[in-house]
1. Looking at the structure I just gave you, is residue 451 at pLDDT 85 or above, surrounded by 14 or more Cβ atoms within 10 Å (Cβ to Cβ) and within 32 Å of the chain's Cα centre (by Cα)?
2. Helices (runs of 4 or more DSSP H) wholly in the range 276-381 with at least 2 residues that are touching a strand residue (DSSP E or B) at 6+ places or on another chain (Cβ under 8 Å) and assigned by TED's automatic domain parsing to the domain that holds residue 394 - which ones?
3. Tell me whether the range 337-345 contains one or more residues that are surrounded by fewer than 24 Cβ atoms within 10 Å (Cβ to Cβ) and either closer than 30 Å to residue 93 by Cβ or touching a helix residue (DSSP H, G or I) at 6+ places or on another chain (Cβ under 7 Å) (or both).
4. Output yes when any residue across the range 391-403 is at pLDDT 85 or above and out of contact with any helix residue (DSSP H, G or I) (no Cβ under 7 Å at 6 or more places or on another chain), and no when none is.
5. From 188, 134, 173, 162, grab the single residue that is more than 19 Å from residue 107 (Cβ to Cβ) and in contact with a helix residue (DSSP H, G or I) (Cβ under 8 Å, 6 or more places away or on another chain).
6. Taking the conditions exactly as written (under 23 Å from residue 189 (Cβ atoms), crowded, with 16+ Cβ neighbours inside 10 Å and either more than 24 Å from the chain's Cα centre (by Cα) or modelled with pLDDT under 85 (or both)), does residue 64 satisfy them or not?
């Protein structure tokens, strides 16, 4: 068909489907805001040079808790994933409220420690509890990343990190009391946005179902998750070697590079006609790690900004890639998304903890930095060959390019009919399921079907019970298995 004939028919042949539909855009904006606020809180607290020690609450926690916070962080995530996998009976809303309250109390304790004369031991315990709460909040937000769908998740993740870098740069220019107030308020604001997302997406509706999850796959790609963890540990170990040359790096440069990378990834995700091929992204990871380690070895101490920029680029690129891998894995399996994100984050935390331990041993025995750099490169290459090779990544993301077009009602109806034949949905429940699969929120579904929200909630609970699931996201994942 010629361009002229296409124009006469009112269509542009070069027009490409948007990553976000107008109906999904507000939800995606809320997720970017809430997750970005949480990441901003982490950046403010973990900065060794941008904020003075009295302001940097998390830095004080790290000094008092040493390796303990990483151990507690990973342990809490592992326990959470086991509980969710076994019963999936966790009340997400109660967990968010409790975690946020504990986190805010911990921040308040650290901020008031000079006035209260608190000792190191209680501060150490508070630091560990605070990190455990932060772990729960992070994976709860991870679960909500799935509410925007795989197609838009990369845009949302990159946008959240861009917002966190912008927020941190803004707080650098503010007075100390503003930073302290931000450390106290950002977790609460993030939790408030989380509840707004849940209300809009209906992603945490509870049911009384006791049956097992249905579907064709209950597996989590542990090997891929382990490969992601090793890559993250390699980058952090490289960063540690860089800091050992001249002390703390120029964090302004790290923030600017991270902001540029996240904005570029968000732009790519927003304007490409199809989902970004994560196998291509993976092919860049190994060269980035090798380049960072080479720069640490080759660049002199007075030229450290170059290696700081490279490491900042590599870490931002990696962490966005890791969250996207977890998000796709959560969408492709009937394992509850909360368990998938918990396992992915726990494995990454354990790998980085192991890297810190190896770094401490290397310092204790005065191991030459050249040997450490060579070891990082060798381990990264072996990881790319056996754990996170292109075939394994492609197995995780292969469905990314063949996602259901949620605007196509006939395709959605076909998926629902296939599932309804197995779990015996009523005609009304089928109509609701079609709209859930299309990503519509409860308000839109109620309006289209001319039913009250209370009636809709009753239908949803019955549908979840028949399907043996406990949330809207799990129900959507199950329907995708029939597409």
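The values are calculated or read from the model by the stated rules, or taken from the named source; none is laboratory data. What you are looking at is a predicted structure, and each value in this text was computed from that prediction instead of being measured. So basically every Cβ, Gly included, is an ideal-geometry build from the backbone, and we count neighbours across all protein chains shown.
1. Criteria not met by residue 451.
2. On the way: elements: 278-298, 304-332, 337-364.
Per the criteria, no element qualifies.
3. So in the range 337-345, the residues surrounded by fewer than 24 Cβ atoms within 10 Å (Cβ to Cβ) come out as none.
The answer is no; no qualifying residue exists.
4. Step one: list which residues in the range 391-403 are at pLDDT 85 or above, which gives none.
Within the range 391-403, none of the residues are at pLDDT 85 or above and out of contact with any helix residue (DSSP H, G or I) (no Cβ under 7 Å at 6 or more places or on another chain).
5. Numbers: 188 fails: more than 19 Å from residue 107 (Cβ to Cβ); 134 fails: more than 19 Å from residue 107 (Cβ to Cβ); 173 fails: in contact with a helix residue (DSSP H, G or I) (Cβ under 8 Å, 6 or more places away or on another chain).
Of 188, 134, 173, 162, the one residue that is more than 19 Å from residue 107 (Cβ to Cβ) and in contact with a helix residue (DSSP H, G or I) (Cβ under 8 Å, 6 or more places away or on another chain) is 162.
6. Numbers: under 23 Å from residue 189 (Cβ atoms): no; crowded, with 16+ Cβ neighbours inside 10 Å: yes; either more than 24 Å from the chain's Cα centre (by Cα) or modelled with pLDDT under 85 (or both): yes.
Against the criterion (under 23 Å from residue 189 (Cβ atoms), crowded, with 16+ Cβ neighbours inside 10 Å and either more than 24 Å from the chain's Cα centre (by Cα) or modelled with pLDDT under 85 (or both)), residue 64 does not qualify.
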